[in-house]
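One structure is given here, and the rest of the page talks about it.
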Amino acid sequence: MERRRLQLKITDVGFETFQSVFEWSFVRVHAGEEYGTGEAGPIPDLVGCGEAFRPLLVGEDALKVNRIEEKLRHATLYAGTSYQSIASAVNIALHDLIGKHLNVPVWQLIGGDRDEIRVYADAHAGTSFEEIDSVLVPVGEPRAEPGGRKKRRPSTPRAASPILGRLAEERFTEVYTPEAFARRALEMKRAGYSAVKFDLDVPTPFTRAANRRSGEVGLREAAYLGEIAAAVRQAIGEDMELAIDLHWRYDVGSALRICRALEPSRVRWVEDPTPATKSLSNLAELGAITSRTPIPIATGENLRSVAEFIQLLDAGVLVWTPDLVKAGGITEGRRIAELASLYDLEFSPHNISSPVGTMASAHACSLSNTFGYLEFHCHGLDEWPRMARSKAPVVQEGVVRLGEEPGLGLELDEEYVRRRFGHFEL
């Protein structure tokens, strides 16, 4: 009996973006009546950029994921790294489509075995959310705490500088006190998380403008940051992990000064301490830090391929944090996870995505031998669980549970998204 080869011809590709707490962008790959949905990392004008991809994809066999990946890689050689986000979304959408077509969940399709994926709560900086667009500029007033929603944000930016970095516009308030951080940490513990992460690139009562502009931290300021971590550790006890994010803010000496202040609080990792980790550059800078502190250093959310992660090995980075909606989707995520496993390095992906990107990352984490935690950035954001339809909550009590539903195991609730954000057409 002659065996017929499976084919799944791509007939169209759609692109859409809407502004929530982040700007979330999506790609949908159609194969006749079937489709798969993927998510892209934040890039300006995804819809406009995406139109260039359509003729590269229509007519291809969606089952030939490797061929499509290679085609997009070479087509975007001159296009810069932003296009990698679109290619990542395409890869995720292909996995969703193939899983649905074969009636298999993605985690089983790729050979994963973990069906419960731990997530850590990114608890920000002692308060709730700040809405930022694809160039990291705030677009409205900070979100109210859960249960106290404020009115819709204005449509225009309210600041002229990105929210991160040495030029960020910020001032010390009560939300940056050790007490505020400790209260937020306890909220996360009561919600069932076994790990929490806080931003410590924050203003303190001792911050000086000249120091901030140079990436410096004075002794009193470093001690204050240490007091914040100590207050959190005292609040959550010894049975919960604590990680710290510095958002590329500090020079090498100041990063080490902060690490020394954090040592008594037994943090799991310090993430992105210096500008060297914004992209693959100046690996000696990372090595100068990793060789001088016992705290593991984490980085990777802005790296785009397994080839770049290879170069972290000599720098002594012990925790790898790729963002899979930017770093090639599920396929490249698998390669990065396998390399981390070869060297017994922790694989804990960065994730600021909607439910689509979060679930895609969770499926990829299923096959990691050295998996630590998947980031979850949207605890308490009321629209987050409502924008997707699934049999079970995507995140519940600090865990993503991977079930038997085909593909990614969820669908965007497009009616809700249109009602909430005013438009959505994939």
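Bear in mind these aren't lab numbers, they're just calculated from the coordinates by the rules spelled out. Everything numeric here is computed off the predicted structure, so don't read it as measured data. As a convention, Cβ positions derive from the backbone with ideal geometry for all residues, glycine included, and neighbour counts pool all protein chains shown.
Give, in nm to one decimal, the length gained when the segment between Leu77 and Thr11 is fully stretched (0.36 nm per residue of separation minus the Cα-Cα distance). Extra length available between Leu77 and Thr11 comes to 21.3 nm. Charged side chains reduced to their Cβ positions (Lys and Arg at +1, Asp and Glu at -1) give the chain a dipole of some 380 debye around its Cα centre.
If I take R0 = 30 Å and measure r between the Cβ atoms of Asn103 and Asn369 in this structure, what FRET efficiency does the formula 1/(1 + (r/R0)^6) give, to the nearest 0.05?
Efficiency, from the Cβ-Cβ distance: 0.65.
Restriction of the chymotrypsin sites (Phe, Trp or Tyr not before Pro) in region 56-124 to DSSP coil positions whose beta-carbon has at most 13 other beta-carbons within 10 angstrom yields Tyr78. Extension gain for the segment Leu167 to Glu415, taken as residue separation times 0.36 nm less the Cα-Cα distance, is 85.3 nm to one decimal.
Under the combined filter of DSSP loop state and at most 11 neighbouring Cβ atoms within 10 Å, region 184-263 retains these GluC sites (Glu not before Pro): Glu238.
Between Ala191 and Glu404, take the C-beta separation as r, use R0 = 30 Å, and let me know the FRET efficiency to the nearest 0.05.
The pair Ala191/Glu404 has a calculated efficiency of 0.70.
Rounded to the nearest 500, the 222 nm mean residue ellipticity of the chain from helices alone is -9500 deg cm²/dmol, with -39,500 (n - 2.57) taken per DSSP H run of at least 4 residues.
Just want to confirm a number: the relative contact order over region 116-407, from Cα pairs under 8 angstrom separated by 6+ residues, in percent.
With pairs under 8 Å counted, the relative contact order is 18 percent.
Figure the gain on full extension for Glu338 and Asn66 (residue separation times 0.36 nm, minus the Cα-Cα span) and round it to one decimal in nm.
96.2 nm
Report the residue, chosen from Gly41, Gly218, Gly99, that carries the largest GNM mean-square fluctuation when the chain is represented by alpha-carbon nodes joined by springs under 10 Å. Judging by the Gaussian network model, the answer is Gly218.
For the residue pairs Lys71/Lys100; Lys326/Lys391; Lys64/Lys197; Lys197/Lys326; Lys64/Lys326; Lys9/Lys391, the C-alpha atoms sit more than 31 angstrom apart in Lys64/Lys197.
A DSSP coil position with no more than 12 other Cβ atoms inside 10 Å describes the following trypsin sites (Lys or Arg not before Pro) in region 1-105: Arg3, Arg4, Arg5.
For region 58-80 and region 236-250, write down the distance between their C-alpha centroids in whole Å. Value for the Cα centre distance between the two parts: 38 Å. Share of pairwise Cα-Cα distances greater than 37 Å in the chain is 20 percent (whole percent).
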